[in-house]
Amino acid sequence: CAESTTGTSSSSSHHPPAESVAEFPSQTWAVFSQQKDAKQELFRVVFSGPPDSLANWELVCERLGGASARTKGVDNQGQQVPFPVFIPSRGRPEKAHLNWEADHVFGRPKVDTPLGFRPVVCIVVEPCEQETYREAWPQALMMVLPRSDRGPGYARWVIQKVCTKAVVVSDQPRIRRLSKVWVVDDSLSTFYKLEFLEGQENLAPCKKGSKAKRIKRRVVSNGRPIFLEAMLAVQRHPFLERAAVAGFLRDDGTAVCKRKDWNLDEMALYKVVLLNLNELRRLGAEYLPDLQVYEDIYLNHEVLSLGGRTLKCQSYCFRAVQGKKGGCHEQRSEQDGFSSFQTQLKHLVKPSSFKSLSQVRQQAVMELLQWVQDKEKHCQKVVATRATKSAAELDSGAEGRCKPWCTNGRVLCLENTVFQVCFTMF
């Protein structure tokens, strides 16, 4: 299992309390196969945390998973409180962005808010790192995965399975179903609201191939609960019930150039995604547990291939750090420093795991690989073109108004225009 990192904490204060971890209450949930002829237990997970957190989680499950909630789709409270948030994390308990109690996330909690109507934020950890994460985040609700060292695809697959349907193991077993959950990367740092610049709202669409132009501005939160605003904007969208996956625009420098506030049927949804579990189950789409990178993109590909829909919010954008350690650090380490790097099949999934996949899933992985490589080739072409242009302008004495591109090959900035380059695409 990956060793934990040390260094600057992403929490304002998370020193462990005097009581031991063993004193926290816990629940064991079991997930079974959905085959009609034979019900077989697939795995178990354990939820643990402070009594109030676990009680709130239990009541939220009852509120969102009742018969009335399943038939109604979205209850009234769903318009005011974010759906449960799951944050898979590995190898960085001290550096992961897990302080979701900060004011700019969901705002200051109201002491009079009853249990069952408080936001649920659950950290998802591997068994071998449970104690390390509990020491760093003693007041967190946690879900412990069945196995360690399986990667980010496995963690998200487990989340999807558990929240779609599970049984609480006890003297009086209870079935738990949720309609929607957020799955968020532990590198998420902030959201911005995107607003049109004055006079830019009704401009004609840009012609294909024309130069990107800034038409919006980023609005900082200034203490407002910007995470709450962004998530509720998606939850309140009328198309949400038809979308299997919803998410946001990532701020790679070009977010201020996007004209549409919402887009449909895009594959590029990642790091912050809202899973419509009922729609995913209807389509038969799920995460691929053996996938080591691009796990969200794979799910979106599956959804679109099966005739499903996706929803992308572009009136808010997010920023996330590119960590050196974590669930994908082994794959990313091969990419660092090589502008001509091209993703290979072995970077997506281990060869032995690929051979064990069905032909349908093998084909889906190969299509994902082709999509990734096409994006990388395009990015490398843009890098080379803009590098030549920048060098020419510098030679002509334009140093005062044009600076070279970033050395990491991620974003290229010329004058007042920002271009997305090879961000490893994401």
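State whether segment 26-177 is rounded, prolate or oblate according to the following rule on the C-alpha gyration tensor (a ≥ b ≥ c being the square roots of its eigenvalues): a/c under 1.5 gives rounded; otherwise a/b larger than b/c gives prolate, and the remaining case gives oblate.
Oblate.
At a Förster radius of 30 Å, what calculated FRET efficiency corresponds to the Cβ-Cβ distance of Asp103 and Glu195, to the nearest 0.05?
0.90
Got the relative contact order for segment 61-190 handy, in percent, Cα pairs under 8 Å and 6 or more residues apart?
35
Between Glu229 and Arg282, what is 0.36 nm times their sequence separation minus the Cα-Cα distance? Round to one decimal in nm.
Stretched out fully, the Glu229 to Arg282 stretch lengthens by 16.2 nm.
Evaluate the charge dipole of segment 26-177 about its Cα centre and quote only its size in Debye, nearest 20, assuming +1 on the Cβ of each Lys and Arg and -1 on the Cβ of each Asp and Glu.
620
Starting from the Cα-Cα distance between Gln342 and Glu241, subtract it from 0.36 nm times their residue separation and give me the gain in nm to one decimal.
That works out to 32.7 nm of additional length.
Order Lys381, Lys271, Lys389, Lys161, most accessible first, counting only protein heavy atoms with a 1.4 angstrom probe.
Final ranking, largest accessible area leading: Lys381, Lys389, Lys161, Lys271.
From the Cα gyration tensor of segment 210-266, with a ≥ b ≥ c the square roots of its eigenvalues, which class applies: rounded if a/c is under 1.5, or else prolate if a/b is larger than b/c, or else oblate?
Because a/c hits 1.5 or more and a/b fails to exceed b/c, segment 210-266 counts as oblate.
Taking a threshold of 22 Å on the Cα-Cα distance, which of the pairs Lys110/Lys161; Lys39/Lys161; Lys271/Lys312; Lys39/Lys346; Lys216/Lys377 fall above it?
Lys110/Lys161; Lys39/Lys346; Lys216/Lys377
The values are calculated or read from the model by the stated rules, or taken from the named source; none is laboratory data. Since this is a predicted model, take the numbers as computed values, not measurements. Here Cβ is always computed from backbone atoms with ideal geometry, including for glycine, and neighbour counts include all displayed protein chains. Only protein heavy atoms, including side chains, enter the accessible area calculation; ligands, DNA and RNA are left aside. Shrake-Rupley method; radii C 1.70, N 1.55, O 1.52, S 1.80 Å.
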